[in-house]
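Have a look at the structure below, then the notes.
The values are calculated or read from the model by the stated rules, or taken from the named source; none is laboratory data. A quick note: this is a predicted structure, and the numbers were derived from the prediction, not measured. For neighbour counting, all protein chains shown are included, and Cβ atoms are generated from backbone atoms with ideal geometry for every residue, glycine included. What goes into the accessible areas is simple: the full protein's heavy atoms, side chains included, and nothing from ligands, DNA or RNA. Shrake-Rupley method; radii C 1.70, N 1.55, O 1.52, S 1.80 Å.
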Amino acid sequence: VAIATQRMLQSIAMPFQINGEDINITACIGVALFPTDGRDFQLLLSHADHALHLAKMTGNHLCQFYEEHMQIQSARDLILSNGLSREESFPIFSISYQPVLQAPDKEMLSLEASISWQHAELGLVQHEELIRYAEKYRKLNALTVWMLKQACEEFLQLRNKDISIALLAIPISIKQLENPHFIYEISQVLQASSFAPSSLLLELRDHNIETSFDVLEKAFNMLQYLGIKLALDQFGGESLSLRYLKMIQVNYLKTDVNLINDLPENAQTKTLLKSMQQFANQLNIPLIVSGVETMEQANVLRQLGCQLFQGSAFCEPVSHDLIARMSELQVS
């Protein structure tokens, strides 16, 4: 079957002419085998269709054989792709916020926005999975702009209640900055909501993705001109974020969320964190330590000289309404 499908794909891939122009096309094939994948026509056709759907979506396989787990995964893919297909359906998503706290008084420096979807069948679809699918279906910029618009409105509502928070943090991929229209849309959202650009912190992720430095330099200059603050996220992880310190003015460094998993047991992690804090101090750039899950970790970090923390030890991601209630309780 594999040989037969390969021959079919090769035949289809051969160029043909229409009005003197060479036309090239590709095809995807989904395959279900009797009797392992089904013993009747309808079941075989259904399983072949699931395999075809996966072949189309991944783009990695022109020919995809059915596997037992595919039906569940393809159903999830279909639901998520439908949820992201139209921008008018984005309000089905929820935005939550996780604060960055400043030692020793635990004042809120910033609120990092994240997006999720409480689906009746799938349960809670977390931020990272939604972002992956949005990127896959080329909806990441649209979803980020929608999230920014909603977050700006909710952030200003907190400000109107005299809740003191300096920055709204929005995570974005470095790759998104290659599109100048994306930056223009950000500026339009800020202008329409009367949101001060200096109160927006874009957390730059995925530094290891290959990008054009010329294009990025223009993007960074544009963001700096607008007055938007920048943070290099995933600092100390697998990414090569150090190279961006040579080309942009960074306002914050933020550690990789997995960096302190073995703290305080691992002495090397302590040494690394102390060196990173000293490095940030020499650059005069505040260091945010993320992934702080216990107060024991927080106490060790304070001893190492760290002052900005984010993690479940202090607060899980919550809605802006809950943040307002928590702040009111603290005031009272």
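Contact map, the stretch 256-270: residues that are touching a residue at least 24 places away in the same chain (Cβ under 8 Å) and open to solvent by 60 Å² or more (accessible area, probe 1.4 Å) paired with residues that are β-branched (Val, Ile, Thr) and not in a loop (DSSP other than H, G, I, E, B), Cβ distance under 9 Å, separation 6+ or inter-chain. Pairs shown: Asn261/Thr269; Lys270/Val300. Filtered by the rule that a residue be acidic (Asp, Glu) and assigned to a loop (DSSP other than H, G, I, E, B), the stretch 196-228 gives Asp206, Glu210. Within the stretch 81-125, if we keep just the residues that are loosely packed, with under 13 Cβ neighbours inside 10 Å and aliphatic (A, V, I, L, M), the residue that is nearest to Lys139 (Cα to Cα) turns out to be Ile92. Among residues of the stretch 187-200 that are under 17 Å from Asn221 (Cβ atoms), those with a Cβ under 6 angstrom from a residue that is crowded, with 19+ Cβ neighbours inside 10 Å and modelled with pLDDT of 95 or more, sequence gap 6+ or separate chain, pair up as Pro197/Leu190; Pro197/Ile228; Leu200/Leu168; Leu200/Ile228. When you scan the stretch 286-299, do you find a residue that is buried (at least 20 other Cβ atoms within 10 Å of the Cβ), in contact with a helix residue (DSSP H, G or I) (Cβ under 6 Å, 6 or more places away or on another chain) and farther than 28 Å from Asp162 by Cα, even just one? Within the stretch 286-299, none of the residues are buried (at least 20 other Cβ atoms within 10 Å of the Cβ), in contact with a helix residue (DSSP H, G or I) (Cβ under 6 Å, 6 or more places away or on another chain) and farther than 28 Å from Asp162 by Cα.
Scanning the stretch 272-285 for residues that are open to solvent by 90 Å² or more (accessible area, probe 1.4 Å) and among the polar types (S, T, N, Q) yields a total of 4.
Got at least one residue in the stretch 143-158 being at pLDDT below 95, more than 24 Å from Arg325 (Cα to Cα) and in a helix (DSSP H, G or I)? The answer is no, given that none of the residues of the stretch 143-158 is at pLDDT below 95, more than 24 Å from Arg325 (Cα to Cα) and in a helix (DSSP H, G or I).
The number of residues in the stretch 127-138 that are farther than 12 Å from Gln176 by Cβ, more than 9 Å from the chain's Cα centre (by Cα) and open to solvent by 40 Å² or more (accessible area, probe 1.4 Å) comes to 2.
Taken as a whole, the structure places Glu238 among residues that are assigned to a loop (DSSP other than H, G, I, E, B), at pLDDT below 95, loosely packed, with under 15 Cβ neighbours inside 10 Å and of a type in the set (D, E, K, R). The single residue among Gln188, Gln249 that is open to solvent by 70 Å² or more (accessible area, probe 1.4 Å) and touching a helix residue (DSSP H, G or I) at 6+ places or on another chain (Cβ under 7 Å) turns out to be Gln249. If I filter the stretch 300-326 down to residues being open to solvent by less than 20 Å² (accessible area, probe 1.4 Å) and among the small types (Gly, Ala, Ser), which single residue comes out as modelled with the highest pLDDT? Among them, the one singled out is Gly311. For the stretch 140-151, does any single residue satisfy the condition of being open to solvent by 80 Å² or more (accessible area, probe 1.4 Å), under 15 Å from Glu87 (Cβ atoms), touching a residue at least 40 places away in the same chain (Cβ under 8 Å) and not small (Gly, Ala, Ser)? Yes; the residues of the stretch 140-151 include at least one that is open to solvent by 80 Å² or more (accessible area, probe 1.4 Å), under 15 Å from Glu87 (Cβ atoms), touching a residue at least 40 places away in the same chain (Cβ under 8 Å) and not small (Gly, Ala, Ser). Residues of the stretch 29-52 that are open to solvent by 50 Å² or more (accessible area, probe 1.4 Å) and either of a type in the set (Gly, Ala, Ser) or closer than 30 Å to Arg138 by Cβ (or both): Leu45, Asp49.
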